[in-house]
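Written below as structure tokens is the structure these notes are about.
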Amino acid sequence: MQLQLQFTARKNAMTSMDTSISRRLVFAITLTAITLIAEVIGGIWSNSLALLSDAGHVFLDLFALALSLAAIKLAAQPPNELHSYGWHRAEVLASLINGLTVFLMAIGILYEGSKRLLAPEAVQTTPMLIIAVLGLIANLLAAKGLHGHAHDDLNVRSAFLHVLGDAAASVGVIIGALVMHYTGWYQADPLISIAIGLLIMAGAWRVLREAIHILMEGVPRSMSVEQVAEHMRGIDGVMDVHHINIWSVCSHIFALSAHVEIDAEHEGRRSQLLHAIEHELEQHYHITHTTIQFDCSNCNGGPLIKELSHSQRQTGCCGHEH
């Protein structure tokens, strides 16, 4: 009964936090979308490639914010017979598509920036400066809205860092506008656009790398198999851990399966030991989906990581599978 009450209280607290996070993300998305529209219009009006490049950077971060919000909504969708993990992997597929798209966008920015560097064009610095300042203010307001939950949720922390990156890019555009306004050195515009293009390319590559790593069932980069296994071995009652697998369902849901050898004294306390293991994994590694198989202490332990091999289905003379 007490465990049920604790579970209910914890679920209500998580629902309340998700609601608060969703509101802050919607606020940040709204400000970022307004910034994106303003920078596209301002970039065309002022003939500033740097401002248009920053709009590309804002687009990348707008997608990241939308993805963070979508992850919360997807988490509320229950699993079914066709999708036993629910729809969490949709976030990873969206990241893969977005990363490819933005990477190509960055190549286009670098190409246009190189062309303008060889043949500079005049830029209207006043509207460029005004739009960049407004963009900086919007980014700082969005960052302030997300800061409160940046330490509670990995997804929000990522979105918060994206918004700070936008603010830094806006500062670069402001500096470029001031330089061109007072010196007439219009090469500053393509130079800034190239710098932002490289920044976008680096961000897109990180998104692509992480999406591919998750789809390949890679161990989350924030942990190692040996580290987690050693931590589990330190739990009272655990003799050894082997055949361990750790993977990501999506960017913020980690899963683990393992064989755990226990001593004879804990044979009758398996449920309490299981609870202790799950608690430690969640608290220290944010692993929330676990599958634990208990083995007796006198069984032969296996390797830490189990090798997998392709099994070929064989059919008999009558076509039946074995």
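Since every read-out is calculated from the coordinates, none of them should be taken as a lab result. Please read all numbers here as calculations on a predicted model, not as lab measurements. Cβ atoms come from the backbone with ideal geometry, glycine included; neighbour counts cover every protein chain shown.
Just check segment 108-219 against the gyration tensor rule for me: Cα atoms, a ≥ b ≥ c as the square roots of the eigenvalues, rounded for a/c under 1.5, and otherwise prolate or oblate depending on whether a/b exceeds b/c. Cα axes put segment 108-219 in the oblate bin.
Using C-alpha pairs under 8 Å with a sequence gap of at least 6, the mean separation divided by the residue count of segment 12-215 gives a relative contact order of 33 percent. In a shell of Cβ-Cβ distance under 14 Å around ILE262, excluding ILE262 itself, what net charge do Lys and Arg (+1) and Asp and Glu (-1) give? That works out to -4. Segment THR288..ASP236, full-extension length gain: 16.7 nm, with 0.36 nm per residue of separation and the alpha-carbon distance subtracted. Of ALA264, ILE253, HIS284, which is farthest towards the positive pole of segment 225-296's charge dipole, taken about the Cα centre with +1 and -1 on the beta-carbons of Lys, Arg and Asp, Glu respectively? Most positive-ward Cα: ILE253. Globularity index of segment 72-151 is 1.76 (Cα radius of gyration / 2.2 N^0.38 Å, N = number of residues). With bins 10 Å wide beginning at 0, the percent of Cα pairs of segment 225-296 falling in each bin runs 20, 58, 19, 2. Subtracting the Cα-Cα distance of LEU215 and LEU141 from 0.36 nm times their residue separation leaves 23.2 nm of extension gain. How high is the FRET efficiency between THR126 and ILE97 when r is their beta carbon distance and R₀ equals 35 Å, given to the nearest 0.05? Computed FRET efficiency for THR126 and ILE97 comes out at 0.40. Loop-located GluC sites (Glu not before Pro) in segment 54-131 (DSSP state not H, G, I, E or B) with no more than 16 neighbouring Cβ atoms inside 10 Å: GLU81, GLU121.
Shape descriptor for segment 12-215: Rg over Rh equals 1.04 (Cα atoms; Rh from the Kirkwood inverse mean 1/r). Take the alpha-carbon centre of segment 109-130, take the same for segment 14-86, and report the distance between them in whole Å. Measuring centre to centre over Cα atoms gives 27 Å. Check cross-link reach from LYS73 to the aspartates and glutamates: straight Cα distance under 20 Å, and skip same-chain residues fewer than eight apart. Excluding near neighbours in sequence, the set is ASP18, ASP61, GLU81, GLU91, ASP152, ASP153.
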